[in-house]
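As structure tokens, the structure follows; a few thoughts come after it.
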There are 4 protein chains.
Amino acid sequence: MSTYRAGIVGASGYAGAELLRLLAAHTDVDVAHVTGASSAGATVASLYPSLAAAYPQRSFAAFEPGDLAGLDIVFVALPHGESQQLVPDLVGKVDHVVDLGADFRLPAAAYEQWYGARHSAPELLDEFAFGLPELFRDDVRAHAHVAAPGCYPTATVLALAPLLAGGLVEPTGIVVNAVSGVSGRGRGLSAPSLFSEADGNVNAYGLLDHRHTAEMELALGRVAGSDLQVLFTPHLVPMTRGILATCYARPAVDGLSSTSLLAHYRDFYAGEPFVVVLDEPPATKATFASNAAHVTVRFDARTGTVLALGAIDNLVKGASGQAIQGANLVLGLPETAGLSNVGILP
Amino acid sequence: MSTYRAGIVGASGYAGAELLRLLAAHTDVDVAHVTGASSAGATVASLYPSLAAAYPQRSFAAFEPGDLAGLDIVFVALPHGESQQLVPDLVGKVDHVVDLGADFRLPAAAYEQWYGARHSAPELLDEFAFGLPELFRDDVRAHAHVAAPGCYPTATVLALAPLLAGGLVEPTGIVVNAVSGVSGRGRGLSAPSLFSEADGNVNAYGLLDHRHTAEMELALGRVAGSDLQVLFTPHLVPMTRGILATCYARPAVDGLSSTSLLAHYRDFYAGEPFVVVLDEPPATKATFASNAAHVTVRFDARTGTVLALGAIDNLVKGASGQAIQGANLVLGLPETAGLSNVGILP
Amino acid sequence: MSTYRAGIVGASGYAGAELLRLLAAHTDVDVAHVTGASSAGATVASLYPSLAAAYPQRSFAAFEPGDLAGLDIVFVALPHGESQQLVPDLVGKVDHVVDLGADFRLPAAAYEQWYGARHSAPELLDEFAFGLPELFRDDVRAHAHVAAPGCYPTATVLALAPLLAGGLVEPTGIVVNAVSGVSGRGRGLSAPSLFSEADGNVNAYGLLDHRHTAEMELALGRVAGSDLQVLFTPHLVPMTRGILATCYARPAVDGLSSTSLLAHYRDFYAGEPFVVVLDEPPATKATFASNAAHVTVRFDARTGTVLALGAIDNLVKGASGQAIQGANLVLGLPETAGLSNVGILP
Amino acid sequence: MSTYRAGIVGASGYAGAELLRLLAAHTDVDVAHVTGASSAGATVASLYPSLAAAYPQRSFAAFEPGDLAGLDIVFVALPHGESQQLVPDLVGKVDHVVDLGADFRLPAAAYEQWYGARHSAPELLDEFAFGLPELFRDDVRAHAHVAAPGCYPTATVLALAPLLAGGLVEPTGIVVNAVSGVSGRGRGLSAPSLFSEADGNVNAYGLLDHRHTAEMELALGRVAGSDLQVLFTPHLVPMTRGILATCYARPAVDGLSSTSLLAHYRDFYAGEPFVVVLDEPPATKATFASNAAHVTVRFDARTGTVLALGAIDNLVKGASGQAIQGANLVLGLPETAGLSNVGILP
């Protein structure tokens, strides 16, 4: 069987490197070309010696659309605002684009509201599916291109979706309290990303208006079939990878119990290869380097609150793994190709 | 000026060792005797080489009430359930007891409800003040003995108290989402305390019914002047020290703003040596090894929610520092003696 | 093609869990039976939720030789002294045993000298090959059973072997200064393994007489063709996985240079799938979760010293990955089956 | 008693912030002025919220020599090459300069050799003492200005000095294998300082020619009374603070034993407030945030090697604490003023 030829734009960042790692083990996709603006000319192995054996001679190239023309699929792993500049040059030249950034996840109006800037390629938004296969699989298959969801939204939406799909909780008053490992800040240089600042430290950031709120409200609202409001508080914690979303919602029906909710979650996610419903609170480390999401749920009768928790690896299910999962769908490959649901622990 | 003579019961655990560290720099209190059940006979320096220079020859003794008789003050740092067994032997023999455990913080009925066991010394409960000086300073001074609050309640109550004292939020629907460093689990041996399990991991635990909920409801209810309900979700994060409480409450009045709330917090804590009100989200690392609590507050007009955050070092303001602060009060010393509000960063 | 059926004795420790993780992706080997003394009856997923998706129903059994009889291969991951007790019950009943402990690595006399106890199954020692394929591949293939080398010896021997094979350094005066992540201590409960003790800490241990010295001297002596002496100083560092060996030796020939030594290393390891010779100092993280060893070498003309460095993941190339590599050899499978030379970074 | 007025040049880096932390508790020295080039105008509390309570309103100023004129003492915490540019403007205007950088530690020729640049103020070198009080106390007192030693040399020289002072080891063939926490790289932004790169990683760097080699050879040679040669290999380990030097030397006399060496070390350092000689291997964490150095020593009769180990906090005894210790000496204050020998553990 012939393999598909892939390109990666922005391959020198952490999401790009994770694509390189995962695709090295993907038997149906070959990495044909990689670009990295600030690292152009450097070898992959010099930035990521972990990849030395798999890509011994490969270097990052400067971005030239012509170098990517004719590829079956191109992954774009760039900061928001940058993808929309170059994706228009790609969509006619390659069969599929999977964007890992925020540029093609939201409608133009929502993008402008949350990102404070006009979208420069709004005409392409309808060609991209919101790439969360567990909830929108058919929609992904029906599109040529995929906008892979953000890390926080992935953990949050998978944790809360069964509640909203079932009409079990109110669409307002939802609180999402989440933590992320430092790799979520990327490979860019900034003081809060320094080991000496992040080690031994937890702090919240982006209070009240973190942009991932928009994705959560959009995706969960689609599941709920109604408008929906989330208060989201992200925190940085001293680990490299992992996201845990701890979510609070108000019940919309009587008679809930933890037992019945857990059964509902197991039904909802039955057969999903990458969602594991646990009785116990999920641990980020159990998902390390895997494409799995671990979730659980509780009902607190004392305070009348539903508690839902979801853990993922932010660089895999929260970025590159999910991007490959979406790529598999649009390429017609088995959805699990090249992906694992087994974490690395300890 | 003469110094006070102190004993420490349970000195070989982390809270006990932290008392030894802090008292080594306290010019008005001498450590006269230290006990440690499982470590009896071992030198302090063998368990804590950090203390070798300050306590070169000191060993942990087995607990004998007679060894402590006549001391001015005894700190008791034992697991819950154990203090109440031996405190009755101490209260007549020493001037002051400061208990760092949970045994003398709650009324007998609440203790039984949350700890699932009858209190064995209920007649002594009234002799202990709930030792959170910023809120109950006069009450502490009016008692002989002090029950130092738990780590999570300290961070949470200091973060939320100005809201409840001012009647600004509802006493129900309060959500407390908090993280703790691994030292909060103590020096006892268990798999979740292992480096290889905790490193790179975050998970929630004690869902719905963690015992510190009772202290939060008690202390905040006292501040609010009414019954009060908290849903508390603790998490373990991969750092040694530090607690961050991220708290959500519903406004009880109109016209709130982040600016007005910050001003209210600054008024409320004016002159407090150990509370710092910050514009920015507090970072646990900024309080490392200090007795300071860092807090901030926000009002989210979009979702109608008040957000309050508090950070402390769980072993200092959350345990041994606060115990010394209480001891200073009952001994008539300056409240800040032997304590620092400067953290260690990086 | 039919698959081989494997058992794991001591599967609940870290090396055992890593075998379970790696074999889940090994298409030619099925895990038929797993035992775990202290965890008998517990599910794999309860100890290692990372494995929940791969082993949803599997439990650890108590060890019964009859349960393993007839299997093609049994991996034994037990503390030293325990394998030799039960391996005699296995060797006649299963085709191949791969022991991950120290019991079958040394001749009986050396075992007694370094481990301070008589070997209880010396008659079996000749049936086990020292399982370092890069140096002793044919010898491994010629045996039925494999003693997988220790973690420190693997990193050290791979770093130094090209020097000794070439007669380039003296067989005495070799200093090995190595660091290990905390998982090297296993899942057993002890104070130095606690997060709060290991985090932020480095200390040496086992000064002068660490038992892995014997393996290093044996394996390197075999390569050198002469007796050989190593002074080995291990250190614990605050990370979960990884070993870095920094080795010092005295030149035995004139005219060495870093350039010529690097060329010699590249020749020596040409074609080896799991050894990467780097120009730059190797980083443990580049080998994380992979079976790769990264090495480099330098000659310091100023002090007349050769410096060789080797990095591995202690649980993979230093334990379970190398055990599978050895298993592949004795089973006649491709040596790389089920193993990766790509690390996980960040 | 009146206090001395101090300035800090380069106060926004980690060594500068640590000076601010330590001087906040120093009752004889007031911080009168602080400068920080890249942070000029920012408040101390915005970069270091840990210092918010001690320096609530203080800001970093741009460097102007006139602002510092008349101060009793000025600490200079700048990258090498920068101190020598501005110290000439200070030496006539302030009583004492304590330089924490490398510019005034070496003779001009050695500086040029190791740093690859001509020294721009060689005429001032004789006015600076090499500020390691335990070995050169009288020399420090006899100078107006102090060059505080580097972090690696401090740990190494304190570990090895008793051997060389006693003529017990050879002055050649010395190997120093050391590890440092990431704060040793400072607050500057670079990829190896990122949490996601440093976490879970150990690697050597500066192979063969790290500049601290020169200081080690200079200081130890002065102790030995002869020329001396060191091969030094530094490593980065995933912790914020701490240095451990593991040193190997060849005996120069017969009849050594670990017992006799330990007794010799205890004699050598008798009465030193900041050196603790331990029977057990020192742990970096035991020195955390303190000015203490912990050392031990062994003789390996098997390989004929002396092993000496030293641990310090790189930002305290390896930088700012030692600078204050030197300042105390030149100001005529008690050498221990404002400094602690108690570490923070856990």
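Below, the figures for the structure above:
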{"item": "Matching residues in region B:41-74 - criterion: being part of a loop (DSSP other than H, G, I, E, B), in contact (Cβ under 8 Å) with a residue 60 or more places away in the chain and touching a Gly at 6+ places or on another chain (Cβ under 8 Å)", "result": "B:Leu71"}
{"item": "Selected residue [over 23 Å from C:Asn291 (Cβ atoms) and of a type in the set (A, V, I, L, M, F, W, C)] from C:Leu231, C:Leu244", "result": "C:Leu231"}
{"item": "Sole exception among (1) closer than 24 Å to B:Ser50 by Cβ; (2) in a helix (DSSP H, G or I) for C:Leu164, by number", "result": "(1)"}
{"item": "Single condition A:Ala165 does not satisfy, out of (1) within 14 Å of the chain's Cα centre (by Cα); (2) assigned by TED's automatic domain parsing to the domain that holds A:Ala292; (3) surrounded by fewer than 24 Cβ atoms within 10 Å (Cβ to Cβ)", "result": "(1)"}
{"item": "For D:Leu208: the one exception among (1) under 30 Å from D:Ala108 (Cα atoms); (2) buried (at least 18 other Cβ atoms within 10 Å of the Cβ)", "result": "(2)"}
{"item": "Restricting region A:119-162 to residues that are in contact with a strand residue (DSSP E or B) (Cβ under 8 Å, 6 or more places away or on another chain) and among the hydroxyl-bearing types (Ser, Thr, Tyr), the residue that is surrounded by the fewest Cβ atoms within 10 Å (Cβ to Cβ)", "result": "A:Tyr152"}
{"item": "Residue within region D:303-310 that is of a type outside the set (S, T, N, Q), outside the structural domain of D:Gly131 (by TED's automatic domain parsing), surrounded by fewer than 22 Cβ atoms within 10 Å (Cβ to Cβ) and within 21 Å of D:Leu163 (Cβ to Cβ) present", "result": "yes"}
{"item": "From B:Ala292, B:Ala323, B:Ala283, residue being surrounded by 24 or more Cβ atoms within 10 Å (Cβ to Cβ), at negative phi and not assigned by TED's automatic domain parsing to the domain that holds B:Val253", "result": "B:Ala323"}
{"item": "Any hit, region C:293-302, residues being within 19 Å of C:Val179 (Cα to Cα), within 8 Å of chain D (Cβ to nearest Cβ) and within 22 Å of the chain's Cα centre (by Cα)", "result": "no"}
{"item": "Residue match in region A:188-208 (condition: away from chain B (no Cβ under 13 Å), among the aromatic types (Phe, Trp, Tyr) and closer than 22 Å to A:Cys247 by Cβ)", "result": "no"}
{"item": "Members of region B:240-262 found to be in contact with a helix residue (DSSP H, G or I) (Cβ under 7 Å, 6 or more places away or on another chain) and of a type in the set (A, V, I, L, M), listed by number", "result": "B:Ile243, B:Leu244, B:Ala245, B:Ala249"}
{"item": "Close pairs from region A:303-321: first among the aromatic types (Phe, Trp, Tyr), partner part of a strand (DSSP E or B) and surrounded by fewer than 24 Cβ atoms within 10 Å (Cβ to Cβ), Cβ under 9 Å, at least 6 apart", "result": "none"}
{"item": "Qualifying residue in region C:246-254 (condition: surrounded by fewer than 20 Cβ atoms within 10 Å (Cβ to Cβ), farther than 18 Å from C:Leu168 by Cα, at the interface with chain D (Cβ under 10 Å from one of its Cβ atoms) and at pLDDT 95 or above)", "result": "no"}
{"item": "Considering residues of region C:232-252 that are outside any strand (DSSP E or B) and free of Cβ contacts under 8 Å to residues at least 60 places away in the same chain only, the residue nearest to the chain's Cα centre (by Cα)", "result": "C:Thr240"}
{"item": "Test set (1) more than 10 Å from chain D (Cβ to nearest Cβ); (2) touching a strand residue (DSSP E or B) at 6+ places or on another chain (Cβ under 6 Å); (3) not β-branched (Val, Ile, Thr) - B:Leu278 fails condition number", "result": "(1)"}
{"item": "Region C:210-231, subset in contact (Cβ under 8 Å) with a residue 24 or more places away in the chain and assigned to a loop (DSSP other than H, G, I, E, B), residue farthest from the other protein chains (Cβ to nearest Cβ)", "result": "C:Ser226"}
{"item": "Residues of region A:79-118 satisfying the condition of being of a type in the set (S, T, N, Q), surrounded by fewer than 18 Cβ atoms within 10 Å (Cβ to Cβ) and more than 21 Å from A:Gly221 (Cβ to Cβ)", "result": "A:Gln85"}
{"item": "Members of region D:177-186 that are away from chain C (no Cβ under 12 Å) and part of a helix (DSSP H, G or I)", "result": "D:Gly184, D:Arg185"}
{"item": "Flag for B:Leu189 being under 23 Å from the mean Cα position of the chain (by Cα), assigned to a loop (DSSP other than H, G, I, E, B), closer than 25 Å to C:Leu189 by Cα and of a type in the set (A, V, I, L, M, F, W, C)", "result": "yes"}
{"item": "Filter pass, A:Ala286 being touching a helix residue (DSSP H, G or I) at 6+ places or on another chain (Cβ under 8 Å), part of a helix (DSSP H, G or I) and among the small types (Gly, Ala, Ser)", "result": "yes"}
{"item": "Test: residue in region C:263-278 that is touching a helix residue (DSSP H, G or I) at 6+ places or on another chain (Cβ under 6 Å), hydroxyl-bearing (Ser, Thr, Tyr) and not in a loop (DSSP other than H, G, I, E, B)", "result": "yes"}
{"item": "Filter result for C:Ile344 (in contact (Cβ under 8 Å) with a residue 24 or more places away in the chain, facing chain A (nearest Cβ under 9 Å), closer than 22 Å to C:Gly13 by Cβ and in contact with a helix residue (DSSP H, G or I) (Cβ under 9 Å, 6 or more places away or on another chain))", "result": "yes"}
{"item": "Residues (in a loop (DSSP other than H, G, I, E, B) and in contact with a strand residue (DSSP E or B) (Cβ under 8 Å, 6 or more places away or on another chain)) located in region D:192-209", "result": "D:Asn201, D:Val202, D:Tyr205, D:Gly206, D:Leu207, D:Leu208"}
{"item": "Any chance C:Arg58 is closer than 20 Å to C:Ala148 by Cα, among the basic types (Lys, Arg) and surrounded by fewer than 19 Cβ atoms within 10 Å (Cβ to Cβ)", "result": "no"}
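Here is a yes/no grid of residues against (1) crowded, with 19+ Cβ neighbours inside 10 Å; (2) away from chain C (no Cβ under 11 Å):
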position	(1), (2)
A:Glu18	yes, no
A:His26	yes, yes
A:Val31	yes, yes
A:Gly41	no, yes
A:Leu51	yes, no
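The values are calculated or read from the model by the stated rules, or taken from the named source; none is laboratory data. On a predicted model such as this, the values are computed, not experimentally measured, just so you know. Because the Cβ atoms are built from the backbone with ideal geometry, glycine has one as well, and the counts that use them run over all protein chains shown.
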